[in-house]
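Structure, as structure tokens:
The values are calculated or read from the model by the stated rules, or taken from the named source; none is laboratory data. Quick caveat: nothing in here was measured; it's all calculated off a predicted structure. Cβ placement follows ideal geometry from the backbone for every residue including glycine, while neighbour counts extend to all protein chains displayed.
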Amino acid sequence: MKIALGVTGGVAAYKAAELVRRLEQEKLDVQVVMTRSAQEFIAPLTFAALTGNKVITEMFGSLDAAPANVESAIEHIAVAGRIDLLLVAPATADILAHFASGIADDFLTTLYLATKAPVVVAPAMNVNMWEHPATRENLERLRARGVQVVEPDEGYLACGMTGAGRLASTEAIVQRVSAVLGLRHDLDGQTILVTAGPTREDVDPVRFLTNRSSGKMGYALAEAAIRRGAHVVLISGPTDLPVPEGADWVPVRTTEEMRHAVRERASDRKIVIMAAAVSDYRPAAPQAQKMKRGGGRLVLELEPTPDILAELGREKGSRLLVGFAAETEHVRENARGKLARKHADMIVANDLTQPGAGFDSDTNIVTLFLRDGREIPLPRLSKFEVANRILDQILALA
């Protein structure tokens, strides 16, 4: 995962070097962005040596660098699009005011406006500046927009005063970053099998039957489990998604191929999450040659595909089994029925008619149906957040 670390102009800027080291211990790729004032306290070369990455110090490159071009002019957009989180530590009163007011007059402030990634700020400043009404108002505005604030510690400050304003400890900042990114260690030692994506059933060498699944939910589950320490076997139908780093990726195409891959790998897995949208039917007699257009109607005979979830449920043993149900009506009844028929421990059900809960969306609105009768509705969340909620419940059941 890649994060941008904004370093601003305060005495605590030197502590950012230790922060970089700890972030890298969490296997995070750190891109440092420094304001001009920050460079008065610590040299960019320090961060370049620690991260192995370019340190961004100017909006359009330094004066002695190559002339500005289109690439340098939109670099903030490129960085904004590829980071998973923006962390600013130390965050001065000035940078908080810029963020709160939407002022974009350097690389860091422009990056803040351009990124859709979560933002975490760790303020550090004189106690009077920290307690000033303007700073308090700016912090409230930022919190209202979803910015996470790591409160400063109290103690002796560089200015000689005592009180709140000292940069929070490195561990406190890393813990907050880890929480926002879903980096936990509660699945250490676990191997989880996850299925994802659609399957395709051939009609002829040109055509196939499939569904609208993008695979995003299954891939989010794989990513979240990996971040929490699990080894993940990801059996995936065709998607355009990047494979989560560290996953044991098994590509398949048809329902039968997915069944074979799952059966081969599920026997020694204690947790199996069947998030794939497998085809329920396939052509009974797929054609060896392309079917030509005729003058009349064409009737395609279909036969059911193997029910992989039901097969696993019949042989469940001590395995924890999670299935999914994408419905357009009678969601509760259908989910409860599927839970019983498939002998699953949990069914994750969503109503495809709700905005933000359909295929190929980056968000989902689901209800977790459990064997003990409980129903846990979740609000509209990103699929990564949904994935973590599902994993939380799996750990509670294990």
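Results, tabulated for the structure shown:
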{"read-out": "Test: residue in the range 368-385 that is surrounded by 21 or more Cβ atoms within 10 Å (Cβ to Cβ), among the aromatic types (Phe, Trp, Tyr), over 21 Å from PRO118 (Cα atoms) and in the same structural domain as ALA220 (by TED's automatic domain parsing)", "value": "yes"}
{"read-out": "Residues satisfying the stated conditions in the range 88-99, i.e. in contact with a helix residue (DSSP H, G or I) (Cβ under 6 Å, 6 or more places away or on another chain) and crowded, with 23+ Cβ neighbours inside 10 Å", "value": "ALA89, PRO90, LEU96, PHE99"}
{"read-out": "Residue check for PHE324: of a type in the set (Phe, Trp, Tyr), farther than 17 Å from GLY218 by Cβ and either in the same structural domain as ALA196 (by TED's automatic domain parsing) or at pLDDT 95 or above (or both)", "value": "no"}
{"read-out": "Unmet requirement for VAL206, which otherwise passes all of (1) modelled with pLDDT of 95 or more; (2) closer than 23 Å to GLY313 by Cβ", "value": "(2)"}
{"read-out": "The range 49-61, residues that are more than 19 Å from LEU111 (Cα to Cα) and surrounded by fewer than 16 Cβ atoms within 10 Å (Cβ to Cβ)", "value": "ALA49, GLY52"}
{"read-out": "Residue match in the range 293-314 (condition: free of Cβ contacts under 8 Å to residues at least 24 places away in the same chain and on the phi > 0 side of the Ramachandran plot)", "value": "no"}
{"read-out": "Residue in the range 251-258 that is in a loop (DSSP other than H, G, I, E, B), of a type in the set (A, V, I, L, M) and within 22 Å of VAL232 (Cβ to Cβ) present", "value": "yes"}
{"read-out": "Yes/no for ALA344 being surrounded by 11 or more Cβ atoms within 10 Å (Cβ to Cβ) and either more than 30 Å from PRO205 (Cβ to Cβ) or not polar (S, T, N, Q) (or both)", "value": "yes"}
{"read-out": "Tally of residues being touching an Asp or Glu at 6+ places or on another chain (Cβ under 8 Å) and within 20 Å of GLY218 (Cα to Cα) across the range 262-305", "value": "2"}
{"read-out": "Within the range 111-139, considering residues that are touching a Pro at 6+ places or on another chain (Cβ under 8 Å) and assigned to a loop (DSSP other than H, G, I, E, B), the one farthest from SER178 (Cα to Cα)", "value": "MET125"}
{"read-out": "Criterion (loosely packed, with under 15 Cβ neighbours inside 10 Å, outside any loop (DSSP other than H, G, I, E, B), assigned by TED's automatic domain parsing to the domain that holds LYS216 and free of Cβ contacts under 8 Å to residues at least 60 places away in the same chain) met by exactly one of GLU245, GLU264", "value": "GLU264"}
{"read-out": "From the options SER213, SER236, SER169, residue that is in contact with an Asp or Glu (Cβ under 9 Å, 6 or more places away or on another chain) and outside the structural domain of ALA93 (by TED's automatic domain parsing)", "value": "SER213"}
{"read-out": "Unique match (being at positive phi, surrounded by fewer than 19 Cβ atoms within 10 Å (Cβ to Cβ) and part of a strand (DSSP E or B)) among GLY146, GLY155, GLY165", "value": "GLY155"}
{"read-out": "Residue in the range 179-202 that is surrounded by fewer than 20 Cβ atoms within 10 Å (Cβ to Cβ), modelled with pLDDT under 95 and part of a helix (DSSP H, G or I) present", "value": "yes"}
{"read-out": "MET34 being surrounded by 13 or more Cβ atoms within 10 Å (Cβ to Cβ), at pLDDT 95 or above and within 16 Å of LEU111 (Cα to Cα)", "value": "yes"}
